[in-house]
Number of protein chains: 4
Amino acid sequence: MGDPASTHWLITLVCVDQPGIVHAISGAIVEAGGNITESQQFASLDTGRFFMRVQVESQTDRKTLEAKLAPVASRFKMQLILDVVGRPVRTLVLASRVGHCLSDLLYRKSAGQLQVEIPLILSNHPQLKELADFHKVPFELIPIRDDDGMTQFESRLLGLVEELDIELVVLARFMRIFSSKTCEKLAGRMINIHHSFLPGFKGANPYRQAHSRGVKLIGATAHFVTEDLDEGPIIEQNVVRVSHARSPEELRVIGQNEESRTLSQAVNWFAQHRVLLDGKRTIIFS
Amino acid sequence: MGDPASTHWLITLVCVDQPGIVHAISGAIVEAGGNITESQQFASLDTGRFFMRVQVESQTDRKTLEAKLAPVASRFKMQLILDVVGRPVRTLVLASRVGHCLSDLLYRKSAGQLQVEIPLILSNHPQLKELADFHKVPFELIPIRDDDGMTQFESRLLGLVEELDIELVVLARFMRIFSSKTCEKLAGRMINIHHSFLPGFKGANPYRQAHSRGVKLIGATAHFVTEDLDEGPIIEQNVVRVSHARSPEELRVIGQNEESRTLSQAVNWFAQHRVLLDGKRTIIFS
Amino acid sequence: MGDPASTHWLITLVCVDQPGIVHAISGAIVEAGGNITESQQFASLDTGRFFMRVQVESQTDRKTLEAKLAPVASRFKMQLILDVVGRPVRTLVLASRVGHCLSDLLYRKSAGQLQVEIPLILSNHPQLKELADFHKVPFELIPIRDDDGMTQFESRLLGLVEELDIELVVLARFMRIFSSKTCEKLAGRMINIHHSFLPGFKGANPYRQAHSRGVKLIGATAHFVTEDLDEGPIIEQNVVRVSHARSPEELRVIGQNEESRTLSQAVNWFAQHRVLLDGKRTIIFS
Amino acid sequence: MGDPASTHWLITLVCVDQPGIVHAISGAIVEAGGNITESQQFASLDTGRFFMRVQVESQTDRKTLEAKLAPVASRFKMQLILDVVGRPVRTLVLASRVGHCLSDLLYRKSAGQLQVEIPLILSNHPQLKELADFHKVPFELIPIRDDDGMTQFESRLLGLVEELDIELVVLARFMRIFSSKTCEKLAGRMINIHHSFLPGFKGANPYRQAHSRGVKLIGATAHFVTEDLDEGPIIEQNVVRVSHARSPEELRVIGQNEESRTLSQAVNWFAQHRVLLDGKRTIIFS
């Protein structure tokens, strides 16, 4: 793609934990004339895997850097990613009718606070087109009336991911359940947001249930989408305190604020390669 | 019991919501020469009930105040409680082996931060006797080896509640399940603490489960004990943020801190008549 | 103005604390056929004043209610306000160049989360006109080039407050200092937001100062504007945790998020008559 | 001192930032047969210095490890510390009359949550001796009646630091100001706790001042002691929300809770070599 004139590089890597990894990777960086400016690592006792995220300042071009890193990656059987710091991640946003999450994402993007570019918003409802227009982001409407409609929607989604070089799919309160096939194809790169409570509630109208039970905290959880609905690896969670006097409707408004900020945070961490998967858990290098 | 020379009174009342309650109760207070210094109320749309907590400054004695309040209570079919502000509530603490909650309760009591007196700690294990001794609180040990042991423990508990004029039973990490009979007899005056997670986990070793799932928040919930284990009305909840790097053991320590402060807060609110029951919910006049 | 068909009324009152206030006001409400649905009060030990906010359900019209309340207000020398629950407060927003607070206010308003109507945004810079246009809110530009310009701006502001029946002026990161005369005229109805730190920092570029000092928390304070810059009565405060690794620029972004949500919260509480002044303090009936 | 059978080592280092540091240090670790299990680093743009904290699993003894690290430390002019993970830090606690911070430290220590050993509590008042006795920690009383008394106290303090191999001095609400000489001698190893507010208040009775000003948040700051009172590098900060109804006395209790937990957190991070100094800032590898 032709990297910008930036001299800040970002490396993430995952491999089986063993002695010498840091030495080997830092050796490759030294050989490429680089200086490590930020580095985080984690050895998982659960899976025996080693995770690392390194930022490097270097005048070197990508080809040289790749050439130095390749033997190390090969030797340790690493999944290694090399990227430019600050590069906007190509993000497809799925929306439906409720605008709070989409609005928050678009505002933060326009304010330079979200490291994404959004070539398209795909929605099954027309309501949020005006919001997309204001932010000058293309909006495509594919209504879903039945199971066939959903199949077509998913087919279009997977097509767009290819066509538009999409790296991340964000469900900004998109309320449909995806097929196993779609979940698998987009595993580790599709993020959902949903409300969270202590204790958790299943089924319809959770804010009414939370109210009936008199919960004192409500919140939101951003997670990767997997086949098990709402059970994917957790990326970020937030809660706020609520009193007995809050109506179900007020709980909903409060919960939506938490959803917006939690989703935007998760998206930004993903875009900065700060979210790595360790089985059913995430490692967050925040 | 002979009230102290205090001239600060506390009234809580619950009745069916209807016009004129506040006027009637404030009229009785005016007639008794009282001035309202603090007042909170709540009308529940869920149950149609009205809840009120009033603090009154007055030179009047209890008999006079009761005489003025009685006709109002009768007319509106109120559950009405009259108490002296700051009176320590007679509290029986049940403990087992783990000391963090008991220690926090006893320290706060000694520091004048907890409005209770504790005539006895009842435990099924000897480990916390030394802690009780330091704080000069009597400690009674009743080991529980089998179901019969539990029956005897519960029988002794209910006996002590009578003998010692106990108003509140606190389960400071007491890990046994009570019979329906005990739960009913102590309904609305027995408080438990348990860990809480987003999402919730059932079964053994929740901190290990929370770790496996990579939760980002862990917390604690203080609630009244009912027959449905851990499903009683919620009094207070807290959470703290945790990272992927925390081991199950570290999660346990962090969770215990939350348990301690959440339980102490719930006990103090109860002692100050700030916790009122509305079906399965609590009204907290904090 | 002709109240809507609503039967929910809101009363706030302030007077010298003395026995019988609650009884008298609740008596007037009963006589007007009203039922109290929400009530909060506070007796200030600092100033000896009594504060109350009452919500009333009643079929009665305004004239009748006023007739019943007037003798009570007169007897206790109350400042008494009668309003309809949910009535949008007429709000003039002042803006300059930075859009985060304005954007948050306009989004929440459009989402039905902010109980205001905004007849005009007044700005000394043109940058935020596009944002105003999207939300279909009129935008007036009065550039300020020198002291004369500021005098004209303030004169126009005070004129608009009259013309447009403005009840609240919100400084959404409007960075100019007002004259004593303007502060006095708008005392108790002009809200400002500014960043806050532990410890506090004076002077230019506070985020750089906070960074140099390695603060672990940064936040925002919403307050009424008084002549003493940033020393007016505090309405709301929030903070978030930051690490040593955050740059001054990142601190700025984080701080702006806090400013947005803190200002919006303060505006909403004001609109709902939940903010009462007690000398240099605010009473918040939240 | 003879290290325990542990095979977990801890290295912290500070030096001028330059390429090759991580490679060199990880090389030394590899040569010593070690595996890095945890690593954090930070390059300060403010001072141009590089900070690193590494945990290493290794069967190697201290001598071998030191021999491998020494040339690297010398080449990069590092301040390098090698320690055993989990070794309790020798801590002298200074106390006066108020017990909340001391009690919290001693409880957490006894519960295995604080990585310190406390050979002595030194106090200028006798009140907390009983608390020390319960926890079986020696207690020495040196009353301070005048400036001479303070000079003797400081002289004894510096003597004890030598005699008892003290690594950390904790001021658990010790309310005296130290001389420049003492501050210099204990620079970077004496931690104080003090209350914090938004905005900050100087002078006597801060809780009364905070009350008068109607602050909505109160908190605590743990910091290293320097000559500029309360201006030393910040280690940790916490705040909690308070309402207008809290009396100055209630604010004090709430503030004390924050002080206790903030100080204990700071002490634990210090004991785990997670607090590094960067001029007037701290780097916290938490």
| said: Suppose we filter the range A:83-102 for residues that are among the small types (Gly, Ala, Ser) and within 14 Å of chain C (Cβ to nearest Cβ); how many remain? | reply: 2
| Looking at this structure, is A:Pro206 buried (at least 19 other Cβ atoms within 10 Å of the Cβ) and closer than 30 Å to B:Gly48 by Cα? | yes
| Hey, D:Val98 surrounded by 16 or more Cβ atoms within 10 Å (Cβ to Cβ) and either touching a Cys at 6+ places or on another chain (Cβ under 9 Å) or modelled with pLDDT of 95 or more (or both) or not | no
| message | Tell me yes or no: at least one residue of the range C:42-49 is crowded, with 20+ Cβ neighbours inside 10 Å and within 20 Å of C:Trp269 (Cβ to Cβ). | response | yes
| task | May I ask you to list the residues in the range C:27-76 that are under 28 Å from the mean Cα position of the chain (by Cα) and among the hydroxyl-bearing types (Ser, Thr, Tyr)? | result | C:Thr37, C:Ser39, C:Ser44, C:Thr47, C:Ser58, C:Ser74
| said: If I ask for residues that are in contact (Cβ under 8 Å) with a residue 60 or more places away in the chain and among the aromatic types (Phe, Trp, Tyr), which ones from the range A:15-53 would you list? | reply: A:Phe42, A:Phe51
| message | Based on this model, can you work out whether C:Pro119 counts as surrounded by fewer than 19 Cβ atoms within 10 Å (Cβ to Cβ) and part of a strand (DSSP E or B)? | response | yes
| request: Run down C:Gly232, C:Gly214 and say which single residue is over 25 Å from B:Phe285 (Cα atoms) and in contact with a Pro (Cβ under 8 Å, 6 or more places away or on another chain). | output: C:Gly214
| Would the range B:272-286 turn up any residue that is away from chain A (no Cβ under 13 Å), modelled with pLDDT of 90 or more, surrounded by 16 or more Cβ atoms within 10 Å (Cβ to Cβ) and not in a strand (DSSP E or B)? | yes
| query | Got at least one residue in the range C:23-33 being assigned by TED's automatic domain parsing to the domain that holds C:Phe174, at pLDDT below 95, part of a helix (DSSP H, G or I) and surrounded by 15 or more Cβ atoms within 10 Å (Cβ to Cβ)? | reply | no
| field | Filter result (within 20 Å of C:Gly86 (Cβ to Cβ) and not charged (D, E, K, R)) within the range C:103-122 | value | C:Leu105, C:Leu106, C:Tyr107, C:Ser110, C:Ala111, C:Gly112, C:Gln113, C:Leu114, C:Gln115, C:Val116, C:Ile118, C:Pro119
| note | Of (1) among the aliphatic types (A, V, I, L, M); (2) touching a Phe, Trp or Tyr at 6+ places or on another chain (Cβ under 7 Å); (3) closer than 30 Å to C:Ile29 by Cα, C:Ile191 fails just (3)
| note | Checked against (1) of a type in the set (A, V, I, L, M); (2) more than 8 Å from chain B (Cβ to nearest Cβ); (3) part of a loop (DSSP other than H, G, I, E, B), A:Leu251 satisfies every condition except (3)
| request: Just name the residue that is farthest from C:Ile21 (Cα to Cα) out of those in the range C:101-114 that are in contact (Cβ under 8 Å) with a residue 12 or more places away in the chain and surrounded by fewer than 20 Cβ atoms within 10 Å (Cβ to Cβ). | output: C:Ser110
| Qualifying position, being modelled with pLDDT of 95 or more and closer than 27 Å to C:Leu160 by Cβ, among C:Pro119, C:Pro71 | C:Pro119
| field | Residue count for the range B:30-77, restricted to those that are within 12 Å of another protein chain (Cβ to nearest Cβ), more than 17 Å from C:Asn35 (Cα to Cα) and hydroxyl-bearing (Ser, Thr, Tyr) | value | 3
| query | Mind checking which residues of the range B:211-246 are facing chain A (nearest Cβ under 8 Å), in contact (Cβ under 8 Å) with a residue 12 or more places away in the chain and among the small types (Gly, Ala, Ser)? | reply | B:Gly214, B:Gly219, B:Ser243
| Spans of helices (runs of 4 or more DSSP H) in the range C:127-232 with at least 1 residues at pLDDT 95 or above | C:129-134, C:147-163, C:180-185
| said: Here is a list: D:Leu122, D:Leu186, D:Leu141, D:Leu114. Which entry is of a type outside the set (Phe, Trp, Tyr), over 17 Å from D:Phe270 (Cβ atoms) and under 19 Å from the mean Cα position of the chain (by Cα)? | reply: D:Leu122
| task | Looking for whichever is in contact with a strand residue (DSSP E or B) (Cβ under 7 Å, 6 or more places away or on another chain), within 14 Å of chain A (Cβ to nearest Cβ) and outside any loop (DSSP other than H, G, I, E, B) here; the options are C:Leu80, C:Leu105. Which one fits? | result | C:Leu105
| query | Which of the residues spanning the range A:43-65 are under 21 Å from D:Gly20 (Cα atoms) and either part of a strand (DSSP E or B) or touching an Asp or Glu at 6+ places or on another chain (Cβ under 7 Å) (or both)? | reply | A:Phe51, A:Met52, A:Arg53, A:Val54, A:Gln55, A:Val56, A:Glu57, A:Arg62
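The values are calculated or read from the model by the stated rules, or taken from the named source; none is laboratory data. Computed from a prediction, not measured in an experiment: that's the story for all the values here. Cβ coordinates were reconstructed from backbone atoms using ideal geometry, including for glycine residues, and neighbour counts include every protein chain displayed.
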